[in-house]
1. Which entries of Lys24/Lys117; Lys140/Lys162; Lys88/Lys121; Lys131/Lys152; Lys88/Lys147; Lys33/Lys147 show an alpha-carbon separation above 31 angstrom in the structure shown?
2. Kindly write out, for the range 66-73 in residue order, the coupling ³J(HN,Hα) from the Karplus curve 6.51 cos²θ - 1.76 cosθ + 1.60 (θ = phi - 60°), rounded to whole Hz, with x marking Gly and Pro.
3. Roll a 1.4 Å probe over the protein heavy atoms and report the accessible area of Leu133 in Å², nearest 10.
4. Could you go through the range 132-137 in sequence order and give the Karplus-derived ³J(HN,Hα) for each residue, using 6.51 cos²θ - 1.76 cosθ + 1.60 with θ = phi - 60°, rounded to whole Hz, and x for Gly and Pro?
5. Would you mind computing, in nm to one decimal, how far apart the modelled labels at Met74 and Asp99 are, each placed 7 Å from Cα along Cα→Cβ?
6. Taking 0.36 nm per residue of separation and subtracting the Cα-Cα distance, what length does fully extending Ile123 through Lys87 add?
7. So how exposed is Glu154, as accessible area in Å² (1.4 Å probe, rounded to 10)?
Amino acid sequence: MKKVIFVLMFCFPVLMTNIYSQTKQESIKELFKLMQQDSIMNKMFSSMIPAMMNQMKSQFPIKDSLANVRSNEMMKSMMQTVKEISKKMINEDMVGLYDKYFSQNEINDYIVFYKSKSGQKYIKVTPDITKDLMMIMMQKYMPEIQKTIQTKAEEMKNADKK
């Protein structure tokens with residue numbers, strides 16, 4: 001009987017930790033659902049695809065219509081793969097990260113926030129903010145990034161000639 005009690009005393013904390021962990025992970029998944037993570041990710045990628053395709057076309061103009069069609073198909077296929085990976089990342093990796101960095105109480109606080117009007121508005125406008133930020137980046141900062149890349153490529157090319 002003493003052995004049974006000893007085993008139960010040893011196993012009880014481990015069992016409770018597993019139950020708490022499952023509950024916490026379920027809370028995290030509820031939070032992600034409230035945050036509409038899948039929808040936000042899809043909207044973000046949907047708005048990024050045309051911008052990325054236009055950027056690629058301006059950098060690497062394709063005059064052959066068949067090559068252009070294949071390029072578009074490749075980009076769409078790549079973005080579909082990225083969407084699938086993102087969904088997996090949200091449902092698996094991000095749950096683990098939130099579990100690591102946030103307590104159950106903090107997760108509960110976030111759930112309360114995302115259920116509020118302010119939280120719902122935040123969810124609603126986040127894709128638009130992201131889209132606008134991407135446009136700003138593409139228009140305002142991308143030329144500078146391209147110039148830096150081009151300068152560095154020329155420096156490397158000239159260094160190879162020496």
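The values are calculated or read from the model by the stated rules, or taken from the named source; none is laboratory data. Please read all numbers here as calculations on a predicted model, not as lab measurements. Glycine gets a Cβ as well: all are built from the backbone with ideal geometry, and neighbour counts include every protein chain shown. SASA here: full protein model, heavy atoms, side chains in, ligands and nucleic acids out. Shrake-Rupley method; radii C 1.70, N 1.55, O 1.52, S 1.80 Å.
1. Numbers: Lys24/Lys117 24 Å; Lys140/Lys162 35 Å; Lys88/Lys121 26 Å; Lys131/Lys152 29 Å; Lys88/Lys147 35 Å; Lys33/Lys147 41 Å.
From Lys24/Lys117; Lys140/Lys162; Lys88/Lys121; Lys131/Lys152; Lys88/Lys147; Lys33/Lys147, over 31 Å: Lys140/Lys162; Lys88/Lys147; Lys33/Lys147.
2. 5, 5, 5, 4, 5, 4, 5, 4
3. Leu133 exposes around 110 Å² with every protein chain in place.
4. Result, rounded to whole Hz: 4, 5, 5, 5, 4, 4.
5. Between Met74 and Asp99, the label points sit 3.9 nm apart.
6. Details: separation 36, 0.36 × 36 = 12.96 nm, distance 1.72 nm.
Between Ile123 and Lys87, full extension yields an extra 11.2 nm.
7. It works out to around 100 Å².
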